[in-house]
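J.: I have a structure here, written as structure tokens, and I will follow up with some questions on it.
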């Protein structure tokens with residue numbers, strides 16, 4: 001009964017969001033049309049490139065989560081798993097991309113315990129790193145001077161400490177350099193994704209404005225991620241992004257750019273999914289399990 005009600009709510013949410021978008025475009029086309037035409041193609045191209053680059057790096061993050069569980073999956077195989085399972089998050093129900101990911105892992109020889117551990121670690125990494133990257137980026141916009149330096153130092157220390165504790169809890173490793181490397185890698189991923197939004201905002205110039213754009217995306221992504229009633233965070237992420245961009249953009253403009261970014265986001269995921277589906281036709285070597293007591297680190301490239 002509860003599961004059916006949740007599915008119904010998610011379907012209704014999708015219909016509501018689609019109807020709201022259609023109505024907004026219909027009633028505001030005289031304003032929206034010129035804005036859409038004003039977005040330069042090079043900016044759109046740059047946004048797409050940054051999005052794809054971040055998603056390719058996310059594959060390595062998934063590899064590292066599996067490595068902490070004591071197994072190795074080749075990059076090509078992990079790319080296929082990520083690209084195909086991510087598309088299921090837009091299906092009402094909210095669990096299908098998790099189910100798909102778990103199914104792929106299990107089919108590749110990972111025991112249930114390793115599957116669970118890898119997925120927990122990856123989602124902890126994603127949500128926490130997005131929040132921290134967003135908080136740091138917003139600080140760059142709202143703070144300055146010694147307050148900024150102190151706050152940044154404190155947030156980075158907390159970020160590193162949590163990553164170290166996750167590594168210690170799930171692998172028993174005490175390598176502080178490994179945690180620091182993971183921090184830098186996660187920061188790079190979210191900087192690329194946030195910069196893809198920044199590329200669409202022609203009125204935001206300068207490092208501080210870039211901090212606002214990156215922070216707005218990261219925090220809105222977290223809000224959309226935890227909004228379980230919205231498949232893929234659709235509608236929720238865009239509303240949160242509009243509110244966070246309020247200091248520099250009118251609500252209508254911010255919502256338009258947020259919607260364009262969502263369109264590019266979904267288009268990039270579809271394109272990678274098509275590539276992954278094509279890659280499935282070729283033989284892909286299965287991962288080689290290793291001892292869980294000595295997890296294999298994924299080489300950094």
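J.: Is the C-alpha gyration tensor of the stretch 41-279 telling us rounded, prolate or oblate? Criteria: a/c under 1.5 is rounded; beyond that, a/b larger than b/c is prolate, otherwise oblate.
T.: oblate
J.: Assuming R0 = 45 Å, can you tell me the calculated FRET efficiency for the pair residue 168 and residue 107, based on Cβ-Cβ distance, to the nearest 0.05?
T.: After rounding, the FRET efficiency stands at 0.90.
J.: What is the distance, in nm, between label points placed 7 Å from the Cα along the Cα-to-Cβ direction at residue 228 and at residue 49?
T.: With each label point 7 Å from Cα toward Cβ, the separation is 4.1 nm.
J.: Cut-off is 10 Å between beta-carbons; in what order do 270, 245, 50, 138 appear when sorted fewest neighbours first?
T.: The fewest-first ordering by Cβ neighbours comes to 270, 138, 50, 245.
J.: Let me ask you something else. Evaluate E = 1/(1 + (r/R0)^6) for residue 123 and residue 161, where r is the Cβ-Cβ distance and R0 equals 30 Å; express this FRET efficiency to the nearest 0.05.
T.: 0.95
Computed from the coordinates by the stated procedures, all read-outs in this text should not be read as laboratory data. Keep in mind that what you see is a predicted model, and the values were worked out from it rather than measured. Because the Cβ atoms are built from the backbone with ideal geometry, glycine has one as well, and the counts that use them run over all protein chains shown.
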